[in-house]
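Reading through the structure tokens given below for one structure.
The values are calculated or read from the model by the stated rules, or taken from the named source; none is laboratory data. Nothing here was measured: the structure is a model prediction, and the numbers come from that model. Cβ placement follows ideal geometry from the backbone for every residue including glycine, while neighbour counts extend to all protein chains displayed. Surface accessibility is based on the protein's heavy atoms, side chains included, excluding ligands, DNA and RNA. Shrake-Rupley method; radii C 1.70, N 1.55, O 1.52, S 1.80 Å.
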Amino acid sequence: MDDDVFPRHVADRLGALPGVEAVTLGGSRAEGINRPDSDWDFSAYYRGHFDPQALRDIGWPGEVSEVGGWGGGVFNGGAWLEVDGRRVDVHYRDLDTVDQEIAASREGRFRIEPLMFHLAGIPSYLILAELAVKRVLCGELPTPSYPLPLRERASGIWWDRAEMTFGYTLANHAPYGRVTQCAGLVAQAVSQAAHAVLAARGQWITNEKQLFTRAGLRQIDEFIALAQPGPGVLGEVADRSRALCAEAVKQARATFAVT
């Protein structure tokens, strides 16, 4: 089965599951930036009740979680599968939650939820970002805008978190030569700052893989590479990282005046 036909094949099977109202292709393949070996990210949008057993019953090999099996919150479970020799991720998306997050975004409200493999956690508006870049394969879905109240509030909250994380690093780890703690917290702070930058610009992001690059903060790799327990070195790494982030946030917030 070639790549042109494959998404429709998967969507037809997912779209037939009880409760599912729409299916999308997301991730790098929807954005056209995938590698040949990139996996395939599908989302099954349901309303009311969804029973993962129906997905298991299709017979695709892999692991299928319960609803809420990935920690709850907006990223509420899914499956890692192999379909026709391809790696496939299926995400469960509750349309009632989508409606709630769209309404909250218009008022600038969101939450930051912990999620495995994400340095800064995820904002609850991630599911709106997915809708903004999705390719709808069956059903109908909204394409949310990035409301100005959300841009303003999210950029402020993310940058406040970054500032606190940088401050803690400088006060409690850098003076004592704790390389691993410093590097880890600097990476977390830069992730938070990058979210602040993209929120201020009104640019959606669906995960952390391209977060630093899209925020213009990829130079952080050079700073982290300098980390060692010598006198003043870790403090300089944290200071230079914070300065880079502060300038990026400042420039991004200037876009408020022209939108």
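With a simple spin-label model that places each label point 7 Å from the Cα along the Cα-to-Cβ direction, the separation between residue 239 and residue 54 comes to 6.0 nm.
If both residues of a DSSP beta bridge must be in the chain, then about 75% of such bridges are antiparallel. In the chain, taking the dipole from charged Cβ atoms about the Cα centre, the farthest positive-side position among 223, 127, 187 is held by 223. Which residue, 58, 198, 156, has the largest displacement toward the positive end of the dipole of the chain when charges sit on each Cβ (Lys, Arg +1; Asp, Glu -1)? So the residue furthest toward the plus end is 156. Computed extension gain for residue 113 through residue 84, at 0.36 nm per residue and net of the alpha carbon distance, reaches 7.1 nm.
Helix-only estimate, please: 222 nm mean residue ellipticity of the chain, summing -39500 (n - 2.57) across DSSP H runs of length 4 or more and dividing by its residues, to the nearest 500. Walk me through the numbers before you get to the answer.
Details: 10 runs with 120 residues, N = 259.
Estimated from H runs of four or more residues: -14500 deg cm²/dmol.
How far, in nm, would the chain grow between residue 135 and residue 103 when pulled straight, counting 0.36 nm per residue and subtracting the alpha carbon separation? List each step's numbers first, then the result.
On the way: separation 32, 0.36 × 32 = 11.52 nm, distance 2.23 nm.
The residue 135-residue 103 span can extend by a further 9.3 nm.
Which order, highest average first, do 31-43, 185-197 follow once you tally other Cβ atoms within 10 Å for each residue and take the mean per peptide? Working shown, then result.
Values: 31-43: 14.8, 185-197: 25.7.
By packing density, highest mean first, the sequence is 185-197, 31-43.
Applying a length cut-off of 15 Å (Cα extent along the axis) and a mean Kyte-Doolittle floor of -1.0 to the DSSP H helices of the chain leaves 95-106, 148-172, 179-201, 233-253. Near the amide H of residue 111, within less than 5 Å, lie the amide hydrogens of 124, 125, all on another chain or at least 5 residues away, with H placed in the peptide plane.
Summarise the accessible area of the stretch 121-259 (1.4 Å probe, protein heavy atoms) by the percent that is carbon and sulfur.
On the way: 3290 of 6330 Å².
Roughly 52 percent of what the probe reaches on the stretch 121-259 is carbon or sulfur.
If you take all other residues with their beta carbon under 13 Å from the beta carbon of residue 233, and give Lys and Arg +1 and Asp and Glu -1, the sum is 0. Note on surface exposure: 1, 116 rank 116, 1 by accessible area, highest first, 1.4 Å probe. Rounded to the nearest 20 debye, the dipole magnitude of the chain is 900 debye, with +1 charges on Lys and Arg beta carbons, -1 on Asp and Glu beta carbons, and the Cα centre as origin. Using a cutoff of 8 angstrom between alpha carbon atoms and counting only pairs six or more residues apart, the relative contact order for the chain works out to 16 percent. Summing charges over all other residues whose Cβ lies under 11 Å from the Cβ of residue 212, with Lys and Arg as +1 and Asp and Glu as -1, gives +1.
Rounded to the nearest 20 debye, the dipole magnitude of the stretch 113-207 is 140 debye, with +1 charges on Lys and Arg beta carbons, -1 on Asp and Glu beta carbons, and the Cα centre as origin.
What does the charge add up to near residue 63, with Lys and Arg as +1, Asp and Glu as -1, over the other residues with Cβ less than 15 Å from its Cβ? If you can, show how the numbers build up before the last one.
Values: positive: 56, 87; negative: 39, 57, 66, 82, 89.
Summing Lys/Arg as +1 and Asp/Glu as -1 gives -3.
Each Lys and Arg adds +1 at its Cβ and each Asp and Glu adds -1 at its Cβ; summed about the Cα centre, the stretch 46-164 shows a dipole of about 320 debye.
Across the stretch 208-219, computed HN-Hα scalar couplings (Karplus, 6.51 cos²θ - 1.76 cosθ + 1.60, θ = phi - 60°) run 8, 4, 10, 4, 5, 4, 5, 8, x, 10, 5, 4 Hz from first to last residue, x flagging Gly and Pro.
Taking the stretch 184-205 and a reference point 7 angstrom along Cα→Cβ of residue 171, the backbone N atoms nearer than 17 Å belong to 185-186, 189.
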